[in-house]
Amino acid sequence: MNLATPRNDRPPYPDQGEAAFKDWLRRLVTGTEELRAFDAGEIDAVMDHASESALMLPEARSAQLGTSNIALSALDALPGEVCVIDQDGTVILANKAWRAFVAQPGAGLRVREGGNFLVACRNAPESECAHAEGLAVSLRQVLSGAKAALRRQYAYRDIEGSHACTLTIAALPGKGAVHAVVTRERTGKRNPPIPRGLVRSGRSRMATVAPTSISNHLLVALLPAQYARLTKGAETVALNYGDVLYEPGEQMHHVYFPDNSLVSLLTLVEGHRALEVGLVGREGMIGARLAFGASTSSVRALVQGTGTALKIKSTHFLREFHRNPNLQRVLLHFMDGLMIQVSQTAACNRFHIVESRLARWLLMTAERMASGSFHLTQAFLADMLGVRRVGVTTAASALQRRKLIRYRRGDITILDQHGLEAASCSCYQYVRVMGLTTTQ
Amino acid sequence: MATKRKPKSRARVGTTTVVTMRLYVAGRAPNSVKAIANLEAICSQYLQDGYKLEIVDVCEHPRRALDDGVLVTPSLTKLSPTPGANVIGNLSDTSSVLAALGLSPALSA
């Protein structure tokens, strides 16, 4: 790399003081736009015709030298793949092994220097999105300073088969923003046998993903034999933010048991925007209306939290429901809780202020997703709460000012759970107490 | 470093014209890293498949920058379609980058 210093006959030199050197560099710059960018601190180097080289500005030079000598050599010497991420998720530094990894085409979050890790997680292919979402949550936790270090498993598939790796994310606290170092260790190439019954549906737009340990409360309550019978022929699918599982009046061909995904039940009134009336996560299921003899959906079921769910054919579910008293019991219990939630939401939408409703809604979402960080746009929140976007902005700003949440470009982090509970309306506690709680 | 980055393979409707750009950066200096990240984000959102981007490191290839009339880095040059345009700085102002590339924010929808 040719990092030139000015020729000796052209004073002042860098060692005569950064300010003088910078002032001299500025005099080399012509053009309004160039001068604006220079004065705004957006310039790294100025081209010098006399020395036919790029003259680095002092701050760019020190940043470059600070990362290029010992630190970079040490990183390069490591056998594993390592990169450093700034507070926005941009990869600002990577070692040789990481650069070699991302140079190869393929899956598995190959984020180059200058690329954004969080954006890559958001744009991960469907088959990886469950892992990518979890990884993004961990990254945000570390970058926000909430966690010092986290480890995540990441599995992906390419033409050579399935691969698994462990990503360790460790905070690098500095004077200002927190950076993170990500280390990628391969835990081997694996080709797991396809579990019985887990087959990809040709018509499904949702990818079949590897089964994970079940956390859905309805399924957990079943006996092993009952669970095996119900899930025979089922597939674990990735539900993505914005997917619509049913529209009102649509035949429910499948039911869904969310694992770490979250689904909103929206009611549509002519001439108005959709309004959320219920929220279902791992404590329940989507399509329970089938059990009461209906075949069509009465609401729009919209995925608002990306994750996985177990997808079962409606006919098979109904057959099992009629022969399995245990499933009947847990389903009725869930439906009772959902009724409480829906009726309380109706009253809440009518009587409570937006700020309290937003606090309630964030708590319910966090509880069902088992995470204090999630991504939601203002337009989406406005739909969920049945208010205009400006109402959401005001309410979110108020909660942020009270340091209860952090809201930045759609990324929401709950900073103070107890404070947010105090700020929420009584409906949150009422619904919890009356039965529909995911902690049961 | 004079690397050519290929656009993502995701097929998206919208743009049919390929925008050819060249970004001059100074190694891994902070503004240069930001400029690459900002430009890639803009390209993936607004241009999808319809762009070609060449990144030239002026520390490695100062002659190229001088021959092309580049005075400071980071500096983005739109080569085609005409008219050409330049944007100076770390490209954090999305609207000015879009204006230089002849794009309107409405295209993102």
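Considering every residue in A:234-245, what mean count of other chain Cβ atoms within 10 Å of its Cβ is obtained?
The mean count of partner-chain Cβ atoms within 10 Å per residue comes to 0.
When Lys and Arg each count +1 and Asp and Glu each count -1, what net charge do the other residues less than 11 Å away from A:Ser295, Cβ to Cβ, add up to?
Summing Lys/Arg as +1 and Asp/Glu as -1 gives 0.
About the Cα centre of the stretch A:238-359, how large is the charge dipole given +1 on each Lys and Arg Cβ and -1 on each Asp and Glu Cβ? Please answer in debye to the nearest 20.
280
Which entries in the list A:Lys96/B:Lys52; A:Lys232/A:Lys313; A:Lys232/A:Lys311 go over 20 Å, if you measure between the two C-alpha atoms of each?
From the list (A:Lys96/B:Lys52; A:Lys232/A:Lys313; A:Lys232/A:Lys311), the Cα-Cα distance tops 20 Å for A:Lys96/B:Lys52.
So for each of A:240-250, A:375-385 I average, over its residues, the number of other beta carbons within 10 Å; can you give me the resulting order with the highest mean first?
A:375-385, A:240-250
Among A:138-150, B:50-62, how do they line up by average Cβ neighbours within 10 Å per residue, starting with the highest?
B:50-62, A:138-150
What does the net charge come to around A:Phe374 if you take all other residues with beta carbon closer than 14 Å to its beta carbon, with K and R at +1 and D and E at -1?
Spelling it out: positives minus negatives among the neighbours equals +3.
Between rounded, prolate and oblate, where does the stretch A:89-129 land on the alpha carbon gyration tensor, with a ≥ b ≥ c its root eigenvalues, rounded for a/c under 1.5, else prolate if a/b exceeds b/c?
Taking the square roots of the gyration eigenvalues as a ≥ b ≥ c, the stretch A:89-129 is oblate.
Cut-off is 10 Å between beta-carbons; in what order do A:Arg273, A:Arg282, A:Arg401 appear when sorted fewest neighbours first?
A:Arg401, A:Arg273, A:Arg282
Rank these for me by crowding, A:Leu78, A:Leu239, A:Leu93, A:Leu327, going from fewest to most other beta carbons within 10 Å.
Exposure proxy ranking, most exposed first: A:Leu78, A:Leu93, A:Leu327, A:Leu239.
Give me the log10 of I(q) over I(0) for the stretch A:223-335 at q = 0.11, 0.14, 0.21 Å⁻¹, as the Debye formula computes it from C-alpha points; what are the numbers?
After summing over all Cα pairs, the log10 values are -0.33, -0.54, -1.20.
Please get the size of the charge dipole for the stretch A:309-379, origin at its Cα centre, with Cβ charges of +1 on Lys and Arg and -1 on Asp and Glu, quoted in debye to the nearest 20.
That gives a dipole near 280 debye.
Please sort A:117-130, B:79-92 by packing, taking for each peptide the average over its residues of neighbouring beta carbons within 10 angstrom, highest first.
Sorting A:117-130, B:79-92 by mean packing, highest first, produces A:117-130, B:79-92.
Averaged over its residues, how many other protein chain Cβ atoms are within 10 Å of peptide B:32-41's Cβ atoms?
6
What is the Cα centroid distance between the stretch A:110-165 and the stretch B:45-109, reported in whole angstrom?
Cα centres, the stretch A:110-165 to the stretch B:45-109: 29 Å.
Classify the stretch A:360-433 from the C-alpha gyration tensor, please: rounded if a/c falls under 1.5, else prolate or oblate depending on whether a/b exceeds b/c.
rounded
Taking neighbour Cβ counts within 10 Å as the exposure measure, how do A:Val91, A:Val387 sort from fewest upward?
By the 10 Å Cβ count, ascending, the order reads A:Val387, A:Val91.
Bear in mind these aren't lab numbers, they're just calculated from the coordinates by the rules spelled out. Nothing here was measured: the structure is a model prediction, and the numbers come from that model. For neighbour counting, all protein chains shown are included, and Cβ atoms are generated from backbone atoms with ideal geometry for every residue, glycine included.
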